[in-house]
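Structure first, commentary second.
Every read-out reported here was derived from the displayed coordinates using simple, explicitly stated rules and does not represent laboratory data. These figures come from a predicted structure and were not determined experimentally. Neighbour counts are summed over all protein chains in view; Cβ atoms, including those assigned to glycine, are modelled from backbone coordinates with ideal geometry.
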Amino acid sequence: MNFIKTELEGCFIIEPKLIYDGRGYFMESFNEKLFNDKTGSDTHFVQDNQSYSTRGVLRGLHYQTGDHAQAKLVRVLHGEVLDVAVDIRPGSPTFGRHVDVILSGENQRQFFVPRGFAHGFLVLSDTATFFYKCDNFYNKESEGGIMYNDPDIGINWQFDAETLIISEKDQFLPNLANAREIW
């Protein structure tokens, strides 16, 4: 696996090594020891989640707060998404900045989003199956979110806002300046 540092400390793009033969391919998608060695973290994932969405569905920007903060290792099993992490760590030199990456069933890339980041994705293909590992259990009372189109963050979602499919809850999230603190 190739671990690529991003401009946001702690966020990594991970490219697997695919081994092809006449039957298809094989890849190791996760190895805890290698993962922790390469990321410099001590992450232990406890929950896997999966979602299925259609073109234009935007989910996010979400995070968990306090003792329930979560790191995520995300990937796409089928389809293609624009995946985004936003640094919301108080005092971070990159607070409010984001990094995005195209994840697809074809490129098999993964994206590590550590604790202290808001996360979201937009489905670019007709459909997408999105899979992610979390290092902490979900807690409804600890939910936080930031409006996907906050101008202070400036994410280029690559779609016209009128064509996005956004849950009612996500349409009324606060901007970063008014969002719930992560810690």
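Please build a GNM for the chain, connecting alpha carbons under 10 Å apart, and tell me which residue among 168, 106, 80 fluctuates the most.
It is 168.
Considering only lysines 8 or more places apart in sequence, or on different chains, count the pairs in the chain whose C-alpha atoms sit under 22 Å apart.
Qualifying lysine pairs in the chain: 17.
Please state, as a whole number in µm²/s, the translational diffusion coefficient that the Stokes-Einstein equation yields for region 39-102 at 20 °C and 1.002 mPa s, with Rh defined as the Kirkwood radius across alpha carbon pairs. The partial results should precede the final answer.
Details: Rh = 14.1 Å.
Using the Kirkwood radius from Cα pairs, D works out to 152 µm²/s.
Just the Cα atoms of region 1-86: what Rg and Dmax do they give in Å?
Rg then Dmax for region 1-86, in Å: 14.9, 49.
From Cα pairs below 8 angstrom and at least 6 apart in sequence, can you work out the relative contact order of the chain, rounded to a whole percent? Can you show the working numbers first?
Details: 418 pairs, mean separation 53.1, N = 183.
For the chain, the relative contact order is 29 percent.
Using mean Cβ contacts within 10 Å as the protection proxy, how do 29-35, 118-124 order, highest first?
Values: 29-35: 13.0, 118-124: 24.3.
Descending mean neighbour count gives 118-124, 29-35.
By the gyration tensor of its Cα atoms, with a ≥ b ≥ c the square roots of the eigenvalues, what is the shape of the chain: rounded for a/c under 1.5, prolate for a/b over b/c, or oblate? Intermediate values should be presented prior to the final figure.
Values: a/c = 1.76, a/b = 1.24, b/c = 1.42.
Oblate, because a/c is 1.5 or more while a/b does not exceed b/c.
For region 65-146, state what percent of all Cα-Cα pairs lands in each successive 5 Å bin, counting from 0 Å until the bin that includes the largest distance.
That works out to 3, 15, 24, 23, 18, 12, 4, 1, in percent per bin.
Of 50, 108, 70, which is the most mobile in a GNM of the chain whose springs link Cα atoms less than 10 angstrom apart?
The residue that fluctuates most here is 50.
Report the charge-dipole magnitude of the chain in Debye, nearest 20, computed about the Cα centre from +1 at each Lys and Arg Cβ and -1 at each Asp and Glu Cβ. Intermediate values should be presented prior to the final figure.
Details: 17 positive and 26 negative charges, 65 e Å.
Roughly 320 debye for the chain.
Quick one: Cα convex hull volume of region 20-67, Å³ per residue?
Numbers: hull volume 8.8 nm³, N = 48.
Cα convex hull per residue, to the nearest whole number: 183 Å³.
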